[in-house]
Amino acid sequence: MIKFKHSEITPEKIYNKRRSFVKSMGYSLGALTLNSIPLINANASNLNEATSYEDITTYNNYYEFGTGKGDPHRRAKNFTTRPWSVKIEGLVEKPLELPVEEVLAIKSEERILKLRCVEGWSMVIPWLGFSLSELLNKVQIKPAAKFVEFETIYNPEEMVGQRYPVLNWPYIEGLRIDEAMHPLTTVVTGLYGKSLPNQNGAPLRIFIPWKYGFKSAKAIVKIRLTKNMPNTAWKNASPREYGFYSNVNPEVDHPRWSQATERVIGESILAPRIKTLMFNGYGDEVAHLYNGMDLKKNY
Amino acid sequence: MKNYLKPFVFLLLLWPIYIISYQIIFNELGPEPVDRIINHFGEWTLIFIILTLSISPLRKLTNSTEWIKFRRMFGLFTFFYASIHMLSYVGLDYRFDFEPLINDVFKKKFIFIGFSAWLLLTLLALTSSDKMIRLLKHNWKKIHRLVYIIAIFGALHFIWLSKTIFFKPLIYSIIILILLSFRIKFRKKA
């Protein structure tokens, strides 16, 4: 489930054609079949099938550019991503300020990973990236460091959403050190073999496939090693609804959205919801990080 | 001319249906079509509540009673769009799978309040005919003041289902509060 070769993904064009075909079938048969379609599927959909480039790049939650799903695509077009540098600081022996070119020069690989949004939808995205641990190994983390904090750029001139108090800007996210060092925690540099579009978090973002999407901070300028648990943006906005861990967990409902099932982006009107998997299906890889923890309390 | 006005307005008020039909036919519902349909009719329900609540203030402001002719139509359209909104949630999203749905109604306050608003709207729709007006006499007015509560429920429904109040839930709530505040003033004068 973790990695596939590019050749195993359905090419974009064929995928889209198939989609519109299925959709048009769906509409004409819609009224007839609505009742005969089986209820919520037992298994997750085929993860080989990547979501289309168009959907991945036009349907985004990126509140720095507005709260609408289409806002980032429209408003991030002229976002300045050069010059850009990333500071790695805090409880480290060798703090660093890396020009983004140097980070992008680190060898990226294709990682097809599933994104599950806390709102109850999911995508499968062929990211380009590398493990965050590669970056963190450059700075010699001090033993006192327990958490990693990610900070998104604060640029209200270009990020119009930051002009309003929707969240406490800049956007802060964070992980426990062992989560951050896990090989699946990815520094994303691109998607679908291309450089990362602005609306998806250019020039650099983080991606943690077993956590709800909002944990994966975009347009990162600072990575700080800390002793205390970071005051992450959504937890700060509503601690009852969003926990620090925010692992995908079908058994812990969000007060407003059921987390038991999800809608697959790009599917037709008639496609049923699919069951959400514990840790978004990455349990074999990451469940051991939470041994002995009550995940209902540490949501 | 006058005979054509009502049918014309009726066809105009079907606007949300034209839009969604166009989007379905030309495949423009976007990446999350089910969500799009549910939200489309939810938002239009709020717009129709606002239109219905605007009639009385418009009557006072323009000193014309013409508006009142359309109030029932607006009200029934509110019920119509609220019903499609709810049915698309129950049918399209949850495939009439009632166990999680009932769970939702009791566990999620935004669903609870939305569903309550729809039940109240049903009551108003059922008592909207001339016959019912005659039958209920002065009680009719009292019952139909429930629309104020429905409007507040609708605004809360939108606020609670959104991740943040910015900006649409806030805008709709402000408009509804302004329209409701007209009622308070008018009653003081009377």
Out of all the residues in segment B:126-134, is one or more outside any helix (DSSP H, G or I) and surrounded by 15 or more Cβ atoms within 10 Å (Cβ to Cβ)?
yes
Restricting attention to segment A:262-284, which residues are closer than 25 Å to residue B:157 by Cα and either in contact with a helix residue (DSSP H, G or I) (Cβ under 8 Å, 6 or more places away or on another chain) or in a loop (DSSP other than H, G, I, E, B) (or both)?
A:263, A:265, A:269, A:272, A:273
Pick from segment B:22-36 the residues that are assigned to a helix (DSSP H, G or I) and within 16 Å of residue A:119 (Cα to Cα): which of them is farthest from the other protein chains (Cβ to nearest Cβ)?
B:36
Looking at this structure, is residue A:66 touching a His at 6+ places or on another chain (Cβ under 9 Å), buried (at least 20 other Cβ atoms within 10 Å of the Cβ), farther than 14 Å from residue A:202 by Cα and touching a residue at least 40 places away in the same chain (Cβ under 8 Å)?
no
By residue number, the members of segment A:268-299 that are within 13 Å of chain B (Cβ to nearest Cβ), of a type outside the set (Ser, Thr, Tyr) and out of contact with any strand residue (DSSP E or B) (no Cβ under 9 Å at 6 or more places or on another chain) are A:269, A:270
Take the conditions charged (D, E, K, R) and without any contact (Cβ under 8 Å) to a residue 40 or more places away in the chain and apply them to residue A:157. Does it pass?
yes
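Table: residues versus (1) over 16 Å from the mean Cα position of the chain (by Cα); (2) part of a helix (DSSP H, G or I).
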site	(1), (2)
B:77	no, yes
B:82	no, yes
B:95	yes, no
B:102	yes, yes
B:115	no, yes
B:123	no, yes
B:149	no, yes
B:154	no, yes
B:159	no, yes
Go through segment B:135-160 and report how many residues are within 14 Å of chain A (Cβ to nearest Cβ) and loosely packed, with under 13 Cβ neighbours inside 10 Å.
0
Taking residue B:94 and the conditions (1) free of Cβ contacts under 8 Å to residues at least 12 places away in the same chain; (2) among the hydroxyl-bearing types (Ser, Thr, Tyr); (3) more than 25 Å from residue B:160 (Cα to Cα), which numbered condition does it fall short on, given that it satisfies the others?
(3)
Residue check: is residue B:120 in contact (Cβ under 8 Å) with a residue 12 or more places away in the chain and within 14 Å of chain A (Cβ to nearest Cβ)?
no
Any idea which of B:109, B:163 is within 11 Å of chain A (Cβ to nearest Cβ), touching a residue at least 40 places away in the same chain (Cβ under 8 Å) and either surrounded by fewer than 16 Cβ atoms within 10 Å (Cβ to Cβ) or basic (Lys, Arg) (or both)?
B:109
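Values in this text are rule-based calculations from the coordinates and carry no lab data. This is a predicted model, so every value here is computed, not measured. Positions of Cβ are backbone-derived with ideal geometry, glycine not excepted, and every protein chain shown enters the neighbour counts.
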